[in-house]
Every structure is written in C-alpha cells, then in structure tokens.
Amino acid sequence: MVIDTRIAEGASKALGGLCTWARAMSDYHKASKIVKPKLLLLAKKKEELAAAEAELAAAEQELAEVTAKKAALKKEFDA
C-alpha cells in the first residue's frame with residue numbers, strides 16, 4: 001500500500017517526513033541491489049586488467065631486449 005506524502009503531511013508533518021524518508025530508503029535499497037553486483041564485477045575486472053598490464057610490460061621488456069640483440073647482430077653482420 002502506497003501512502004501519498006501529501007495525505008500523510010495532512011495528518012502530521014512528522015509523518016510526512018517519515019514517509020519521505022521511508023520512500024528514499026526503499027529507492028536506495030532497490031538501486032543498491034542493481035549497483036552492488038556491478039561494483040563487484042568492476043573490482044574483479046580491474047584486478048584482471050592490472051595482471052594483463054603487468055604481463056604486457058614484461059613482454060614489451062623482452063621484445064626490447066630481443067630487438068636490441070637483433071640490432072647488435074645485424075651491425076656485426078654488416079661489418
């Protein structure tokens with residue numbers, strides 16, 4: 001049963017305020033049930049991203065070393 005805030009305020013200002021607060025808490029609860037799983041998934045994906053970025057940095061470092069070695073060998077071969 002939904003009580004209109006105007007009707008509640010007609011009976012008592014305090015009751016109108018209580019109805020407004022209760023409605024806000026209900027809206028917050030409904031929204032949090034939608035948002036919380038998304039926040040948990042976001043945290044998990046951020047961890048996966050950090051791991052992938054660390055792996056990428058290691059691979060780029062290895063590539064730089066191989067490229068430098070290749071350049072040294074090419075220079076030696078050309079000489």
* To do: Go through (1) modelled with pLDDT under 95; (2) over 36 Å from the mean Cα position of the chain (by Cα) and name the single condition C19 misses.
  => (2)
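So if I check each of K38, K75, K33, K70, which one is surrounded by 10 or more Cβ atoms within 10 Å (Cβ to Cβ), modelled with pLDDT of 90 or more and not hydrophobic (A, V, I, L, M, F, W, C)?
Working: K38 fails: surrounded by 10 or more Cβ atoms within 10 Å (Cβ to Cβ); K75 fails: surrounded by 10 or more Cβ atoms within 10 Å (Cβ to Cβ); K33 fails: surrounded by 10 or more Cβ atoms within 10 Å (Cβ to Cβ).
Residue meeting the stated conditions: K70.
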* Structure fact -> When K30 is run through (1) among the basic types (K, R); (2) under 30 Å from D4 (Cβ atoms); (3) over 33 Å from the mean Cα position of the chain (by Cα), the failure sits at (3)
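Restricting attention to segment 3-34, which residues are in a loop (DSSP other than H, G, I, E, B) and of a type outside the set (D, E)?
Taking segment 3-34 and keeping what is in a loop (DSSP other than H, G, I, E, B), we get 3-4, 12.
Result: I3, S12.
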* Mind listing whichever residues of segment 1-24 are of a type in the set (A, V, I, L, M) and surrounded by 10 or more Cβ atoms within 10 Å (Cβ to Cβ)? => I3, I7, A8, A11, A14, L15, L18, A22, A24
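The values are calculated or read from the model by the stated rules, or taken from the named source; none is laboratory data. Predicted, not measured: the structure shown is a model, and the values here were computed from it. With ideal geometry, Cβ positions are generated from the backbone for all residues, glycine too; neighbour counts draw on all protein chains shown.
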